[in-house]
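Inspection log for the structure reproduced underneath, given as structure tokens.
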Amino acid sequence: MAYSGGPRPISYTPFGDFVVFFFFGLVAVGGTYYLQTLSLTPGVLVAATMVGLPATAVLVVNNYRDLDPDAQVGKRTLAVLLGDERTRYLYLLLVAAAAIAVVGVASVTTWWALVGL
């Protein structure tokens, strides 16, 4: 409810991207793992990051598409603050970091992990 509703929706602020990364990556993956094992490992945090980064990239693409209309109505998303060019670089960074994380996991587990690419 706080993300898109209420008097100050988080989605109208630069913190929306962090919230998506945190809840779709760290909380969803890390929380699920913790509930089943009652522990957290560095590998789980890497896996949670691998899920959170592309989820955040999807939000960045959406905010990029709405960059001008959002700015006109006063939304202060991260894309509005960064502007056109830097938002594209942020997207590239998120996608590249997710791919690098997949390759990193494959290097310490099995090459089957590369299916994630």
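Here are a few things to note about the model shown:
- Among residues of region 1-14 being within 15 Å of the chain's Cα centre (by Cα) and free of Cβ contacts under 8 Å to residues at least 40 places away in the same chain, the one that is surrounded by the fewest Cβ atoms within 10 Å (Cβ to Cβ) is TYR3.
- Residue list for region 76-117, restricted to those being closer than 18 Å to PHE18 by Cβ and modelled with pLDDT under 90: ALA101
- Test for VAL115: is it surrounded by 16 or more Cβ atoms within 10 Å (Cβ to Cβ) and either in a helix (DSSP H, G or I) or in contact (Cβ under 8 Å) with a residue 12 or more places away in the chain (or both): no
- Top-ranked residue in region 15-65 [being over 13 Å from the mean Cα position of the chain (by Cα), within 27 Å of THR77 (Cβ to Cβ) and open to solvent by 60 Å² or more (accessible area, probe 1.4 Å); ranked as modelled with the lowest pLDDT]: LEU45
- Top-ranked residue in region 71-85 [being more than 15 Å from the chain's Cα centre (by Cα) and surrounded by 13 or more Cβ atoms within 10 Å (Cβ to Cβ); ranked as farthest from THR49 (Cα to Cα)]: ALA71
- Total residues in region 97-112, condition out of contact with any helix residue (DSSP H, G or I) (no Cβ under 9 Å at 6 or more places or on another chain) and either touching a residue at least 60 places away in the same chain (Cβ under 8 Å) or within 20 Å of GLY52 (Cα to Cα) (or both): 1
The values are calculated or read from the model by the stated rules, or taken from the named source; none is laboratory data. Since the model is a prediction, treat every value here as computed from it, not as a measurement. All Cβ positions, even for glycine, are placed from backbone atoms using ideal geometry, and neighbour counts span all protein chains on display. For accessibility, only protein heavy atoms count, side chains too; no ligands or nucleic acids. Shrake-Rupley method; radii C 1.70, N 1.55, O 1.52, S 1.80 Å.
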